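Visitor: Got a structure for you, questions after.
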Amino acid sequence: MAQLFTPFTQRGITLKNRIVISPMCQYSAQDGLSNDWHLVHVGSRAVGGAGLLLLEATAVAPEGRITPDDLGIWHEEHLPGLRRMVEFLKSHGCVPGIQLAHAGRKASHASPWKGGHQLGPDAGGWSTVAPSALAFAPNETPPLALDEAGILRVTEAFRAAARRAVAAGFEVLEIHAAHGYLLHQFLSPLSNHRPDAYGGSFENRARLLLEVVAAIRTEMPLHLPLWVRVSATDWTEGGWTAEDTVRLALLLKENGVDLLDCSTGGNVATAPIPVGPGYQVPFAEQVRRCTGLATGAVGLITAAQQAEHILATGQADVILLGRESLRDPYFPLHAARELGVEVAWPDQYTRAKSRL
C-alpha cells in the first residue's frame with residue numbers, strides 16, 4: 001500500500017488518507033458569511049477524495065480579516081453556512097477542518113484581483129493591530145501596537161472562535177501562526193519590538209501563541225486534534241529561523257498541539273525565497289526528526305510520486321496540497337490510479353473510474 005493512502009489517526013479522528021487540502025482564501029464572502037461558492041469549492045475536493053480539508057483562513061474578529069471578502073467565525077450568524085459545508089464534507093468521507101486566523105498588520109487589504117493594496121477607511125478599510133507599530137510595507141499605514149487589554153481580546157477571540165468551530169462540527173482546528181499574520185508577527189523579532197512580557201526573548205515572543213493554544217484547547221473535546229501552521233523561517237537575517245521553529249515545536253507538543261504544518265515566509269515583503277518543488281519539505285522533516293511532533297509538508301508538491309516519496313522517507317506525516325488542488329480537485333483519485341491503489345469513487349462518478 002502506498003503511504004499516501006494509508007489512514008492517519010490523531011486522538012479520536014482518522015483520515016482515510018494522508019492528503020490534506022490546504023487552507024486557501026477564496027475572498028468571496030460578505031460580512032464573513034459563506035455562500036454557494038464556498039460550498040462548491042470545498043465540496044468538489046471532498047468528492048475528489050481528500051482525507052481532510054482545512055477551510056480557508058477564517059477570521060476570529062472582523063478586524064482580523066485580510067480583506068473585506070474573508071470568511072469569518074466571530075458571530076453565531078456564520079455557523080449555518082459553515083455547518084452546511086461540514087455536513088457535505090462528512091457525507092463524502094472527508095474530515096472537516098478549519099483554520100482560525102487573525103491577520104494583524106496585514107489586514108484591511110483589497111482582494112488580490114482587486115489590487116491587493118491596503119484599504120483606507122474611505123475604501124472600506126479599518127485600523128490594523130500588531131505587536132509593534134511597524135508597517136508591513138513602506139507605503140502602508142503602520143498598525144496600532146496592541147496593549148495588554150488588546151492582547152487579551154485577541155486570545156478571547158480565538159477562544160470564542162474555537163467554541164463556534166466545534167459547535168459547527170469541525171473535527172480538526174488549525175491555528176494560523178504563519179505568513180506574516182498576527183501570531184507570526186509576535187513570534188518574529190523583525191515585527192515584534194515590544195519591551196514587555198510579549199516581546200524580546202524567544203519565550204516572550206512565543207507567549208501569545210501558547211496562550212492562544214491553551215485557550216483553544218479549553219474549548220475542544222479531547223478527541224479532536226489541534227494543529228498549528230507556522231512559517232518555519234522568515235528567509236531574512238535576524239528573523240525567525242528553523243532552529244526557532246524546532247524550539248517552538250517542543251513547546252507546542254507539550255501544550256496539546258498534535259501537528260505542525262510547516263510553511264515559510266510572509267512576514268518580510270522583500271524576502272528572497274528560493275521557491276522550487278518541495279522547497280519547504282526540509283523544515284517539516286527537521287521538526288519531525290528533532291521533536292517527534294507530527295508534521296505536514298506543503299509547498300509546490302504537485303505529483304503523486306513526489307508526495308509518496310516525502311511520506312515514505314519519513315519527512316512528514318501528511319501532505320498539504322494548495323495550488324495543485326486548485327488545478328486538480330480530483331488529485332487524490334488520480335494519484336491513487338498512478339500509484340496502483342484501489343480507492344472508492346463517488347457512486348455518481350464510477351462510470352469514469354475505468355478509462356476503458
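The values are calculated or read from the model by the stated rules, or taken from the named source; none is laboratory data. No experiment lies behind these values; they were computed from the predicted model shown. A quick note on method: Cβ atoms are made from the backbone with ideal geometry, for glycine too, and the neighbour counts reach across all protein chains shown.
Visitor: Here is a list: T233, T291, T295, T264. Which entry is of a type in the set (S, T, N, Q) and more than 23 Å from L54 (Cα to Cα)?
Guide: When all the criteria are applied, what remains is T291.
Visitor: Follow-up question, since we're still on this one. So which pairs qualify, if the first residue must be in region 328-356 and among the aromatic types (F, W, Y) and assigned to a helix (DSSP H, G or I), the second must be surrounded by 14 or more Cβ atoms within 10 Å (Cβ to Cβ) and at pLDDT 95 or above, the Cβ gap must be under 7 Å, and the two must be at least 6 apart or on different chains?
Guide: F331/G48; F331/L321; F331/E324; F331/S325
Visitor: Answer yes or no as to whether W74 is surrounded by fewer than 18 Cβ atoms within 10 Å (Cβ to Cβ), part of a loop (DSSP other than H, G, I, E, B) and among the hydrophobic types (A, V, I, L, M, F, W, C).
Guide: no
Visitor: To continue, here is another question. Looking at A297, A284, can you tell me which residue is under 19 Å from I21 (Cα atoms) and assigned to a strand (DSSP E or B)?
Guide: A297
Visitor: State whether the residues of region 305-314 include one that is closer than 26 Å to H38 by Cβ and touching a residue at least 12 places away in the same chain (Cβ under 8 Å).
Guide: yes
Visitor: Sort out which residues of region 309-318 are under 12 Å from I19 (Cα atoms) and out of contact with any strand residue (DSSP E or B) (no Cβ under 6 Å at 6 or more places or on another chain), and write them in order of number.
Guide: Once the filter is applied, which keeps residues that are under 12 Å from I19 (Cα atoms) and out of contact with any strand residue (DSSP E or B) (no Cβ under 6 Å at 6 or more places or on another chain), region 309-318 yields only L311.
Visitor: Tally the residues that are crowded, with 24+ Cβ neighbours inside 10 Å and hydroxyl-bearing (S, T, Y), restricting the search to region 264-289.
Guide: The total comes to 1.
Visitor: Consider Y279 against the criteria (1) without any contact (Cβ under 8 Å) to a residue 60 or more places away in the chain; (2) closer than 21 Å to P7 by Cα: it satisfies all of them except one. Which criterion is unmet?
Guide: Only one criterion is unmet by Y279, namely (2).
Visitor: Only helices (runs of 4 or more DSSP H) wholly contained in region 138-209 count here; list those with 1 or more residues that are buried (at least 19 other Cβ atoms within 10 Å of the Cβ) and of a type in the set (V, I, T).
Guide: 148-168
Visitor: Looking for whichever is farther than 26 Å from L182 by Cβ and of a type outside the set (G, A, S) here; the options are Q26, Q30, Q99, Q3. Which one fits?
Guide: Q3
Visitor: Among the candidates G292, G314, which residue alone is modelled with pLDDT of 95 or more, over 21 Å from the mean Cα position of the chain (by Cα) and surrounded by fewer than 16 Cβ atoms within 10 Å (Cβ to Cβ)?
Guide: Residue meeting the stated conditions: G314.
Visitor: Hey, could you check region 107-123 for residues that are assigned to a loop (DSSP other than H, G, I, E, B) and modelled with pLDDT of 95 or more and say which is farthest from A137 (Cα to Cα)?
Guide: Top of the filtered list is S111.
Visitor: Where in region 1-47 are there strands (runs of 3 or more DSSP E), lying wholly inside it, with at least 1 residues that are within 30 Å of H109 (Cβ to Cβ)?
Guide: Once the strands (runs of 3 or more DSSP E) in region 1-47 are filtered for at least 1 residues that are within 30 Å of H109 (Cβ to Cβ), what remains is 19-21.
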